[in-house]
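Enquirer: Structure provided below as structure tokens; questions to follow.
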Amino acid sequence: MSRLHQSRIADFQEVLGEPTVALTKLRELCFSGIPFDGGLRCLCWKILLNYLPLEKALWSSLLKKQRDLYSQFLKEMIIQPGIAKANLGVSREDVTLEDHPLNPNPDSRWNTYFKDNEVLLQIDKDVRRLYPDMAFFQRPTDYPCLLILDPQNEFETLRRRVEQTTLKSQTVARNRSGVTNVSSPLKSTPSSLSEYEVLPNGCEAHWEVVERILFIYAKLNPGIAYVQGMNEIVGPLYYTFATDPNSEWKEHAEADTFFCFTNLMAEIRDNFIKSLDDSQCGITYKMEKVYSTLKEKDVELYLKLQEQNIKPQFFAFRWLTLLLSQEFLLPDVIRIWDSLFADDKRFDFLLLVCCAMLTLIRDQLLEGDFTLNMRLLQDYPISDVHLILKKAKELQDSK
């Protein structure tokens, strides 16, 4: 370990060791990248995402309270409905109950169950293809959720719900078409169950934990529920917490990720709400802001992109909505997020990072035609995120 690296760790430990964390100092340190050592990133992100307060004395009681609350969410939204579903239909009287599977009442428990299944299947499809080039999400967690995996519990888990729902939809497809060789929904896309296998009973893969986090979030936030792409936001958070060297952070990665994800989504959820796209808080406004910033910093490049009719929607939508999580390898995404989370105007800084990405390939863009430039922007060629962040900082300082 270099002397400079040791010195940086000591700087972090000094700031985090104070009874009240000096947020300005912590932001400055985190902006330049957080060392992996000793659980520093995990702790810093929790403070920067307003999960942990600045007063250190409050940490342990708050963490216990929030983790207990998450356990309550699991009981109310997964375990209890699972028990109810397992018990329904056991006796003949259930058939005559007012609440039955064909009840059209929107408040019917069955109606809620079927709607939840639609959301769950979309989440399941997306989390099974999270970072497919990495083995991590397919591996078993060292800390499976005992509430869910308790062998004494006879209830329908999310895993079982997905299996049963997809099996039923396969059967229906065959019956209605009148043939028996129709492929099931599971095999209709390459990103199917066969990609991320379900582990044996008693084990949980990391992707299953992410699925549960997103399902609980969707249940608690019915106005937005689940939108494709949220899986790409929760993935790096969970990975960071679940690979932390501190075993306590690791053990509670699920609950801590849920609350940090919820706080982050509170800041960026407007990007996922289609009806707000054209409002001042919506994604269209932010994409246009990338171009207006580029016009200020590099008018020649701005005019070239305008001339070729390359709209920011063609590339900046994904960059902004997913916080660049699809443009770089996961360790590089995490490094970018150190700076994003540390900036007190974090999403203004994200606009500058996008602008920096454009100016760093300006020569290629100025020479290229529409097709070549679209390829460059949709498969960004520079992998050195330090260079990009340095350029973004220069743009910020030149304001």
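Enquirer: Counting just the residues of the stretch 39-64 that are aliphatic (A, V, I, L, M) and closer than 30 Å to residue 332 by Cβ, which one comes out surrounded by the fewest Cβ atoms within 10 Å (Cβ to Cβ)?
Expert: The extreme case among them is 54.
Enquirer: Still on this structure: From the residues in the stretch 86-98 that are open to solvent by 40 Å² or more (accessible area, probe 1.4 Å) and charged (D, E, K, R), which one is modelled with the highest pLDDT?
Expert: Among those that are open to solvent by 40 Å² or more (accessible area, probe 1.4 Å) and charged (D, E, K, R), it is 98.
Enquirer: For the stretch 205-251: of the residues being among the acidic types (Asp, Glu) and crowded, with 24+ Cβ neighbours inside 10 Å, which is nearest to residue 141 (Cα to Cα)?
Expert: 208
Enquirer: If you don't mind, there's one more thing I want to ask. Kindly evaluate residue 256 against the criterion of being modelled with pLDDT under 95, within 24 Å of residue 33 (Cα to Cα) and assigned by the TED database to the domain that holds residue 70.
Expert: no
Enquirer: Still on this model: Being in the same structural domain as residue 392 (by the TED database) and under 29 Å from residue 129 (Cα atoms): is that true of residue 320 here?
Expert: When the stated conditions are applied, residue 320 passes them.
Enquirer: Cβ-Cβ under 7 Å, sequence separation 6+ or interchain: first residue in the stretch 300-321 and without any contact (Cβ under 8 Å) to a residue 24 or more places away in the chain and closer than 29 Å to residue 333 by Cα, partner open to solvent by less than 40 Å² (accessible area, probe 1.4 Å) and in a helix (DSSP H, G or I). Which pairs?
Expert: Short answer, once both residue conditions are applied: 302/291; 302/294.
Enquirer: Given the conditions (1) in a loop (DSSP other than H, G, I, E, B); (2) at pLDDT below 80; (3) surrounded by 15 or more Cβ atoms within 10 Å (Cβ to Cβ), which single one is not true for residue 181?
Expert: All conditions are met except number (3).
Enquirer: Given the conditions (1) surrounded by 15 or more Cβ atoms within 10 Å (Cβ to Cβ); (2) within 21 Å of residue 32 (Cβ to Cβ), which single one is not true for residue 308?
Expert: (2)
Enquirer: Further question: Testing residue 361 on (1) over 19 Å from residue 319 (Cα atoms); (2) in contact with a Pro (Cβ under 8 Å, 6 or more places away or on another chain); (3) open to solvent by less than 60 Å² (accessible area, probe 1.4 Å), one condition comes back false. Which one is that?
Expert: (1)
Enquirer: Go through (1) open to solvent by 40 Å² or more (accessible area, probe 1.4 Å); (2) free of Cβ contacts under 8 Å to residues at least 60 places away in the same chain; (3) outside the structural domain of residue 71 (by the TED database) and name the single condition residue 326 misses.
Expert: All conditions pass for residue 326, except number (2).
Enquirer: Quick one: what pairs do we get from the stretch 59-71, first residue in the same structural domain as residue 260 (by the TED database) and outside any helix (DSSP H, G or I), second surrounded by fewer than 16 Cβ atoms within 10 Å (Cβ to Cβ) and not aromatic (Phe, Trp, Tyr), C-beta under 7 Å, 6+ apart or different chains?
Expert: Qualifying pairs under 7 Å: none.
Enquirer: Which one of 36, 73 is open to solvent by 50 Å² or more (accessible area, probe 1.4 Å), among the aromatic types (Phe, Trp, Tyr) and out of contact with any strand residue (DSSP E or B) (no Cβ under 6 Å at 6 or more places or on another chain)?
Expert: 36
The values are calculated or read from the model by the stated rules, or taken from the named source; none is laboratory data. Only a predicted model underlies this, so the values are computations on that prediction, with no experimental measurement involved. Every residue, glycine as well, gets a Cβ built from its backbone with ideal geometry; the counts of neighbours run over all protein chains shown. For the accessible areas, the whole protein counts, side chains as well, though only heavy atoms, and no ligand, DNA or RNA atoms are used. Shrake-Rupley method; radii C 1.70, N 1.55, O 1.52, S 1.80 Å.
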